[in-house]
1. Please list the equivalent ellipsoid semi-axes of the range 193-322, computed as the square roots of five times the alpha-carbon gyration tensor eigenvalues, in descending order and whole angstrom.
2. Pairs of lysines 8 or more apart, or on different chains, with alpha carbons under 28 Å: count those in the range 141-526, would you?
3. Quick check: pseudo-label points 7 Å beyond the Cα along Cα→Cβ at GLU202 and TRP453, how many nm apart are they?
4. Less than 13 Å Cβ to Cβ from VAL351, Lys/Arg counted +1 and Asp/Glu -1: what total charge do the surrounding residues give?
5. Could you state the principal axis extents of the C-alpha atoms in the range 400-528, from the largest down, to the nearest angstrom?
6. By how many nm would the segment from ARG100 to ALA385 lengthen if fully extended, with 0.36 nm per residue of separation less the alpha-carbon distance?
7. Could you work out how much longer the chain between GLN174 and GLU511 gets when fully extended? Use 0.36 nm per residue separation minus the Cα distance between them, nm to one decimal.
8. Go ahead and run the numbers for FRET between LEU366 and ASP93, Cβ-Cβ distance against an R0 of 41 Å, rounding to 0.05.
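Read the figures in this text as sums done on the coordinates, not as results from a lab. It should be emphasised that the depicted structure is a prediction, and the values quoted were computed from it without experimental measurement. Cβ coordinates were reconstructed from backbone atoms using ideal geometry, including for glycine residues, and neighbour counts include every protein chain displayed.
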Amino acid sequence: MRAPRLASVSALLVSSMTFTAPARAQVTKDDAGTTSTGTKGASDARRDQQPDEAKQAEKRPSYTADPDAPIPGDGERAVPDYDGRPDRTTAGDVLIWIPRILLSPLYLVSEYVIRRPLGVLVTTAERDNWVEAVTDFFTFGPDDNMGIVPTGLIDFGFRPSVGVYYFWNDAGHQQNKVRARAAWGGEDWLNLQLTDRVALDEDTDISLTGEYLKRPDYVFYGLGPRSRGPDPRYRREMLEAKLGFSGYLTTRPHHKPRTPSEQPTDSMLQATVGVRDVTIGLGDGCCDDPSVQSLVDEGRLETPPGSRDGYTIAFERLDLDLDSRRRREKLFDDDASDWTQPNGTGVRFSVRAEHATGLRRPTPTLATTTTDRQAWLKYGATLGAFWDVTDLQRVLGLQLIVDLVDPLLDGSEIPFNEQINLGGDRPMRGFLEGRLIDRSSAVLRFDYTWPIWVWLDGAVHYAVGNVFGEHLEGFEAGALRQSAGMGIRAVGSRDHVFEMLLAFGTEPFDEGAEPESLRFVFGATSGF
């Protein structure tokens with residue numbers, strides 16, 4: 001079949017050449033035909049040629065290959081670049097170097113310390129099948145639905161810990177998942193967690209969680225925006241059980257999304273009810289640092305509220321997160337390899353509230369406390385806007401975050417570690433957990449995130465804010481602190497989250513805004 005096709009194409013090309021050839025070629029061909037037949041004279045040939053020339057004149061193309069031909073209509077010819085010199089530098093060309101220079105340290109660290117070494121590691125792992133080997137080693141059971149993974153966490157300012165993470169998918173039935181974690185950080189440091197989660201459908205689940213935590217390395221610097229101290233430590237022991245509900249507000253479609261815009265949004269509703277018992281030991285220090293009780297005895301700290309006998313509470317929590325951004329994960333296992341993540345531009349508005357009621361009557365700590373009953377309401381909101389600069393999940397974000405807590409009974413006290421905290425996993429991550437505590441907080445936070453690998457994002461944050469008294473009492477610009485940092489974090493898993501973070505926090509602006517804390521986090525944390 002190939003030979004006839006080639007012959008047909010050749011014939012088509014020849015016929016095209018014949019149609020567009022100049023008159024001389026046609027005359028030659030006509031002369032050859034006339035000579036071969038010998039039936040037409042010169043005058044007949046000339047008469048036959050005139051109609052053919054008229055037809056060709058009618059079908060002659062409107063364009064010409066002559067570069068000197070006039071441009072039809074009102075068009076203008078572009079002015080040639082005769083000198084070959086580059087365009088004149090504009091003000092924008094100069095100003096763009098300011099953010100480039102300011103962000104160059106972040107770029108160099110991200111590019112040469114994180115991305116390129118990680119790229120070499122990933123390439124080697126894929127070539128040598130490391131993922132399959134590691135998966136086969138740590139997983140077992142039918143369809144590898146069970147596994148035990150070693151974990152570790154380093155958080156400068158606290159004791160490091162090691163542990164194990166266990167998962168069991170399809171536990172008993174297909175919609176049931178079990179997650180467990182055990183971590184140990186030395187003497188008097190133990191954390192145990194167990195969660196059983198049942199999927200009601202692909203976007204909704206309920207869970208039952210139990211947790212025991214005992215640590216001697218927590219810090220308390222006092223209450224208020226200007227608290228300070230030499231890392232005073234205390235021990236906290238907690239036992240908690242809770243029942244949770246979690247569901248997306250926009251469910252996934254029954255068919256594969258044909259475009260990224262068909263991905264459902266990240267809007268979510270979460271509800272939790274539970275019981276928590278906490279015991280606090282102010283005189284139990286660690287890590288060669290003074291205990292909180294020793295500083296209280298010296299008059300350098302006030303006794304933290306709710307710390308004398310501990311407390312036991314029942315609580316209910318509700319989180320409503322309205323987010324116009326689309327979910328990043330693939331919704332179907334057989335999505336095509338050319339599937340792309342949706343645009344990360346959008347707005348977010350979230351509200352949260354937690355009500356707590358005391359189940360026992362501890363001895364009051366503060367002189368102003370007039371009742372041994374406890375009840376409080378913790379509430380807050382976040383408003384944010386996000387811009388995907390390149391439509392490839394390189395996202396700039398700006399968020400305003402406000403949280404408050406109020407007692408519901410006159411003369412009652414709220415335990416200090418149930419008040420608003422800005423350190424640790426909270427918005428100002430350059431500070432340790434427990435470093436900034438009071439009745440309210442306000443933070444303005446800038447974030448930039450970008451994908452490094454299929455499972456990892458790079459993240460940079462800069463935040464300005466602080467804790468304040470009741471209903472932001474004492475708020476002033478000079479009392480604001482700064483927090484800034486960068487790192488990488490895992491995406492796609494809420495049960496076992498890997499993170500690397502380097503961040504710092506500063507003193508208030510009116511005290512010089514000098515860096516006062518340096519925080520480095522490396523390892524896996526539990527999110528269930």
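1. The answer is 42, 18, 13 Å, longest axis first.
2. 8
3. 2.8 nm
4. -1
5. Dimensions of the range 400-528 along the principal axes of its Cα atoms: 51, 36, 22 Å.
6. Stretched fully, the ARG100-ALA385 segment lengthens by 100.3 nm.
7. 115.5 nm is the gain from fully extending GLN174 to GLU511.
8. 0.10
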